[in-house]
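Worksheet: one structure, shown below.
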Amino acid sequence: MGFCRVDLVGLLLPERCAACGAGERIVCPSCLAALRLLRGPLCACCGAPTVWPVERCAECSGRRLAFSSARAAVAYEGPARALVAAWKERGRRRLTRVFADLLLEVVPRPPVEVITFIPADPTRSLWRGQNPAEALARLVALEWDLPLEPLLERTRRVPPQRGLTRTARRQNVRGAFSATSAPKSVAVVDDVYTTGATVGAAATELRRAGARAVSVATFARAVRR
């Protein structure tokens, strides 16, 4: 009922920028121009922006990562934060197309057989009316001409990650996913890469289920300064 009301309001009222509330587009030209695209140079492993290309950066060096590479379209700052909040918490579904287009523009198509996504918490998905990660993955899979398969399942509810340290985030999602089988190479799509804890836990289960290489693609990525 809640998301139907949001859709009806969107039909009756003029479109406004989901980030600043101005203009007549879901993302106004000013906010779109303010997004920081993560084209490079980057860390080859975790996708963090670097001064020059490196195999491992200070952020991921010394960590055991289950995924082979991670890439994101934009930095999770400025308008990107407001856009993600509007997409996930306020039902602005039309942002999915915008996010997918940006991801496809910036993130190279990974050499994988299948695309999957981070499964939503059932309670949050019911309230939101959709799983944003799945909606994004569906559009990306279509453009990359790859099959989309729900390889992952949640084994338990995960408390919100917001405000937790990197170590606490990893502990919070440890064992939160399961996978019964997986092809040799998989790409996992999610909305935001913060510390890599969530996609790392998902990649671990995919590796246990048979995947030899797991790539990660997200719309946004937290950037440490």
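Quick note: the coordinates plus some simple rules give every number you see, no bench work behind them. On a predicted model such as this, the values are computed, not experimentally measured, just so you know. With ideal geometry, Cβ positions are generated from the backbone for all residues, glycine too; neighbour counts draw on all protein chains shown.
Each other residue within a Cβ distance under 13 Å of residue 17 adds +1 if Lys or Arg and -1 if Asp or Glu, for a net charge of +3. Straightening the chain between residue 34 and residue 16 buys 4.8 nm, computed as 0.36 nm per residue apart minus the Cα-Cα spacing. Each Lys or Arg adds one and each Asp or Glu subtracts one; over the other residues with Cβ under 13 Å from the Cβ of residue 26, this totals +4.
The length gained by stretching the chain between residue 56 and residue 81 to full extension, at 0.36 nm per residue less their Cα-Cα distance, is 6.4 nm.
Count charges around residue 78 for me, please; just the other residues with Cβ under 14 Å from its Cβ, Lys/Arg as +1, Asp/Glu as -1.
Numbers: positive: 36, 81, 221, 225; negative: 77.
Net charge in that neighbourhood comes out at +3.
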